[in-house]
Amino acid sequence: MLAVVLLLAILAGLGWLWWQQKHTQKPAKQHDKSGEAAETPPTHQVVPTFVVVHRPAPPPPEEQAEASTNPVASVGSPSNSLPTVTPLPVIPPPPAEYPRPVRSLLEAQVALARLAISPGAIDGALGSQTRAALATFQHQNQLAATRTLDTNTEAALTLDGPLYTDYIVTTNDLARLQPLGKTWVAKSQQSALEYETILELVAKKAHSYQILVRKLNPDIDWTNVVAGTALKIPDIAYPTPSDRAAYVVIHLSDKYLEAFGTATNLLAHFPCSIAAKVEKRPVGELHVAVVAPHPNYTFDPEIFTDSPEAQAIGHKLVLHPGPNNPVGVAWIGLDKPGYGMHGTPGPEQIGRTESHGCFRLANWDAEYMVKLVWIGMPVYVEP
């Protein structure tokens with residue numbers, strides 16, 4: 001009996017302990033600030049669960065900067081979408097520099113020459129040949145014939161490209177240079193009547209005075225120019241002729257000639273030299289009889305009656321072609337014996353009254369005339 005009572009007491013104690021443990025493991029309730037009951041989390045360690053959220057990549061820095069200053073992009077955009085970015089304004093390219101009106105007399109000379117309205121050798125000065133070229137341009141464009149670079153002419157005369165270009169000296173340029181004989185006999189003994197210096201060659205290719213080329217290249221030692229040297233020169237090229245000329249008019253009083261097309265449109269205006277003696281200046285209608293590029297020149301003492309050297313030679317001499325040939329690089333003979341239009345080795349002498357009757361042109365103008373004339377073409381010589 002006593003053992004039974006003892007067993008019941010033990011069971012009762014175990015039951016009490018079980019009940020006590022069960023009720024002490026319940027979490028105590030706390031009150032948050034809102035007054036609602038909240039359970040105290042268990043004291044054992046809880047492993048957190050990570051949730052991967054895919055977000056769009058951030059925009060480039062320049063777009064972020066744009067969005068930060070753009071109310072449309074920064075306000076009211078859903079958090080799970082890309083921001084709206086206003087596109088940058090389209091900036092037009094700067095206006096082309098050319099064509100533009102000329103800004104100086106030198107630019108005007110180059111612009112006129114590019115129209116085959118030659119002001120003579122380019123020098124940046126307002127001489128008689130430049131005045132004649134300006135008057136021709138003014139007449140073409142129905143402007144007042146002021147013969148100067150006035151405001152209206154500046155506005156109408158445009159420069160269609162850069163004023164200058166680089167000329168690169170070649171080995172061929174250097175190889176063709178040679179001294180020019182001082183007498184007719186010495187010249188007749190040369191294989192060619194070529195340029196004497198690289199300065200002369202480059203200046204004539206640029207339709208310019210040598211002094212201008214020197215000014216544009218102040219650091220060049222002209223006695224020691226080597227192949228590969230870059231020289232700054234005016235950029236001049238005559239337009240490609242679209243057709244042959246219908247006729248040519250030579251103005252003796254103003255010392256220039258003009259070539260016209262079939263529609264009486266001006267194709268070229270070039271200064272020229274005329275005969276020193278009035279009686280040797282033919283007036284009226286002549287015609288082209290022969291066209292000879294790069295001609296020989298026949299020296300005839302009978303033409304140079306006032307030359308002691310010519311009279312001492314006493315017979316004809318044949319001189320080889322070249323830019324320093326007495327008739328230059330082209331001969332356009334007329335149907336009056338001994339008369340013609342031709343080039344000359346001295347472009348600085350063009351526009352003067354010094355020839356024996358022919359009409360002298362700068363070599364670059366004579367070369368262009370060869371492209372315009374034809375056998376039988378009328379040439380009208382006006383007083």
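The values are calculated or read from the model by the stated rules, or taken from the named source; none is laboratory data. Quantities reported herein were computed from a predicted structural model and do not represent experimental measurements. A quick note on method: Cβ atoms are made from the backbone with ideal geometry, for glycine too, and the neighbour counts reach across all protein chains shown.
Within the range 334-351, can you find the residues that are of a type in the set (Gly, Ala, Ser) and assigned to a loop (DSSP other than H, G, I, E, B)? Write out each step before concluding.
First, the residues of the range 334-351 that are of a type in the set (Gly, Ala, Ser): 338, 340, 343, 346, 351.
If the condition is that a residue be of a type in the set (Gly, Ala, Ser) and assigned to a loop (DSSP other than H, G, I, E, B), then Gly338, Gly343, Gly346, Gly351 are the ones that fit.
Scan the range 268-290 for residues that are surrounded by 13 or more Cβ atoms within 10 Å (Cβ to Cβ) and either of a type outside the set (A, V, I, L, M, F, W, C) or in contact with a helix residue (DSSP H, G or I) (Cβ under 6 Å, 6 or more places away or on another chain) (or both) and report the count.
Counting residues in the range 268-290 that are surrounded by 13 or more Cβ atoms within 10 Å (Cβ to Cβ) and either of a type outside the set (A, V, I, L, M, F, W, C) or in contact with a helix residue (DSSP H, G or I) (Cβ under 6 Å, 6 or more places away or on another chain) (or both) gives 8.
Taking the residues in the range 330-346 that are closer than 17 Å to Tyr195 by Cβ and buried (at least 24 other Cβ atoms within 10 Å of the Cβ) as candidates, determine which candidate is modelled with the lowest pLDDT. Spell out the reasoning first.
In the first step, residues of the range 330-346 are kept if they are closer than 17 Å to Tyr195 by Cβ; the result is 330, 343-346.
Now drop any that are not buried (at least 24 other Cβ atoms within 10 Å of the Cβ), which leaves 330, 343-344.
Numbers: Ala330: 98, Gly343: 97, Thr344: 94.
Going through the qualifying residues, I end up with Thr344.
Please identify the pairs in which a residue from the range 169-196 that is surrounded by fewer than 12 Cβ atoms within 10 Å (Cβ to Cβ) has its Cβ atom under 9 Å from the Cβ atom of a residue that is part of a loop (DSSP other than H, G, I, E, B) and of a type in the set (A, V, I, L, M), counting only partners at least 6 apart or on another chain.
If the second residue must be part of a loop (DSSP other than H, G, I, E, B) and of a type in the set (A, V, I, L, M), the pairs left are Thr171/Ala227; Asn172/Ala227; Ala186/Leu180.
Name the one entry in Ala246, Ala230 that is in contact with a Phe, Trp or Tyr (Cβ under 9 Å, 6 or more places away or on another chain), surrounded by fewer than 17 Cβ atoms within 10 Å (Cβ to Cβ) and among the small types (Gly, Ala, Ser). Walk me through it before giving the result.
Values: Ala246 fails: surrounded by fewer than 17 Cβ atoms within 10 Å (Cβ to Cβ).
Checking each option against the conditions leaves just Ala230.
Taking only the range 193-227 into account, find how many residues are small (Gly, Ala, Ser) and out of contact with any Phe, Trp or Tyr (no Cβ under 8 Å at 6 or more places or on another chain).
Of the residues in the range 193-227, 2 are small (Gly, Ala, Ser) and out of contact with any Phe, Trp or Tyr (no Cβ under 8 Å at 6 or more places or on another chain).
Condition check ((1) in a loop (DSSP other than H, G, I, E, B); (2) within 40 Å of the chain's Cα centre (by Cα)) across all residues:
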site	(1), (2)
Ala289	no, yes
Ala292	no, yes
Pro295	yes, yes
Glu302	yes, no
Glu309	no, no
Ala312	no, no
Val318	no, no
Pro326	yes, yes
Ile332	no, yes
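Kindly indicate whether Phe304 is free of Cβ contacts under 8 Å to residues at least 60 places away in the same chain, of a type in the set (A, V, I, L, M, F, W, C) and more than 28 Å from Ile117 (Cβ to Cβ). Please lay out each step first, then the result.
Values: free of Cβ contacts under 8 Å to residues at least 60 places away in the same chain: yes; of a type in the set (A, V, I, L, M, F, W, C): yes; more than 28 Å from Ile117 (Cβ to Cβ): yes.
Yes; evaluated as a whole, the condition is true for this residue.
Could we say that Ala156 is of a type outside the set (Ser, Thr, Tyr) and closer than 15 Å to Gln109 by Cβ here? If you could, list the steps in order and put the result at the bottom.
Numbers: of a type outside the set (Ser, Thr, Tyr): yes; closer than 15 Å to Gln109 by Cβ: no.
Answer is no for this residue.
Has the range 270-284 got any residue that is more than 22 Å from Ile350 (Cα to Cα), of a type in the set (D, E, K, R) and outside the structural domain of Ala121 (by TED's automatic domain parsing)?
Taking every residue of the range 270-284 in turn, none turns out to be more than 22 Å from Ile350 (Cα to Cα), of a type in the set (D, E, K, R) and outside the structural domain of Ala121 (by TED's automatic domain parsing).
If you go through the range 296-309 one residue at a time, do you hit one that is surrounded by 14 or more Cβ atoms within 10 Å (Cβ to Cβ) and at positive phi?
There is no residue in the range 296-309 that is surrounded by 14 or more Cβ atoms within 10 Å (Cβ to Cβ) and at positive phi.
Give me the residue from the range 139-188 that is small (Gly, Ala, Ser) and part of a loop (DSSP other than H, G, I, E, B) and, out of that set, farthest from Ala206 (Cα to Cα). Outline the logic, then answer.
Within the range 139-188, the first condition is being small (Gly, Ala, Ser), and the residues that meet it are 144-145, 155-156, 161, 175, 181, 186, 188.
Now drop any that are not part of a loop (DSSP other than H, G, I, E, B), which leaves 144-145, 161, 181.
Values: Ala144: 30, Ala145: 28, Gly161: 15, Gly181: 25 Å.
Of everything passing the filter in the range 139-188, Ala144 is farthest from Ala206 (Cα to Cα).
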